[in-house]
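Below is one structure, written out as structure tokens; the observations come after it.
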Amino acid sequence: MNRKVCLNAAAVAALVLGSGTAAAADLMTEIRDDPDRAAGDIFQILNPLIATGVTLYKGDYQGTKEYAYNFAATFAATQALKYAFDNTSWGERPNGHDGSFPSGHTSAACSAAAFVSDRYGWQYGLPLYGTALFTGYSRVDEHFHHWRDVIAGCALAIGVSKLITTPYQEAHRLSIAPIIDRDTVGLQLHLDFAP
């Protein structure tokens with residue numbers, strides 16, 4: 001694996017995982033007191049980390065770059081819509097606070113599911129869609145969002161992914177070429193054992 005990519009991935013993991021013992025203690029309390037809320041909070045971070053991990057595992061550095069653009073565009077669009085709808089009835093959360101439309105947790109979780117599905121196939125994305133769906137459910141169940149907010153967050157993420165993501169093309173490891181010479185007619189087979 002490319003050394004620069006490994007160092008960048010390690011730096012991101014250190015920032016996410018080492019965000020402080022107070023945050024870890026708060027998360028442990030949340031897991032104990034309200035496990036479905038905690039799961040929604042975890043999946044909004046875990047899904048994007050899994051999507052990035054899949055690209056790195058496959059050595060798909062173009063995919064890593066595409067997902068970074070995908071995630072950044074989804075985040076920017078979500079925040080712009082939140083800002084636009086803050087002082088409207090759609091911006092008010094069921095619990096009375098603002099910043100309801102669209103759901104940021106759901107758009108983050110769905111961005112990973114949509115990217116993995118669009119890049120590698122629906123079979124890869126299905127488990128992430130399951131966790132994204134649970135994230136949306138938990139946001140509505142905890143009165144942080146309306147159903148329209150989570151549906152809009154997921155639809156936004158899917159739309160951005162459709163615009164940015166290209167399907168993954170594995171490098172062909174076997175090539176066959178015809179050989180035609182004055183004295184020879186045949187096929188040349190070439191097989192690469194290293195990626």
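Only the coordinates and a few stated rules stand behind these numbers; no lab work does. Keep in mind that this is a model prediction, so the values were computed, not measured. Note that each Cβ is placed from the backbone with ideal geometry, even for glycine, and that neighbours are counted across all protein chains shown.
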Legend entry - Inter-label distance, nm, simple model (7 Å from Cα along the C-beta direction), Asp36/Ala72: 3.7 nm
Legend entry - Distance histogram in 5 Å bins (all Cα pairs of the stretch 3-164, percent per bin): 2, 10, 17, 20, 19, 17, 10, 4, 1, 0
Legend entry - Cα→Cβ-extended label distance, 7 Å offset, between Ala80 and Thr29, nm: 3.8 nm
Legend entry - Spin-label pair Ile45/Ala177, simplified geometry with 7 Å Cα→Cβ offset, distance in nm: 5.1 nm
Inset, instruction - Can you put Asp34, Asp60, Asp181, Asp26 in order of Cβ neighbours within 10 angstrom, beginning with the fewest? - result: Asp181, Asp26, Asp34, Asp60
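List Leu156, Leu128 from most exposed to least, where exposure is judged by having the fewest other Cβ atoms within 10 Å.
Values: Leu156 22, Leu128 25.
Placing the least packed residue first, the sequence is Leu156, Leu128.
Kindly put Arg148, Arg139 in sequence by how many other C-beta atoms sit within 10 Å of each C-beta, fewest to most.
Working: Arg148 14, Arg139 28.
Listed from fewest to most nearby Cβ atoms, that is Arg148, Arg139.
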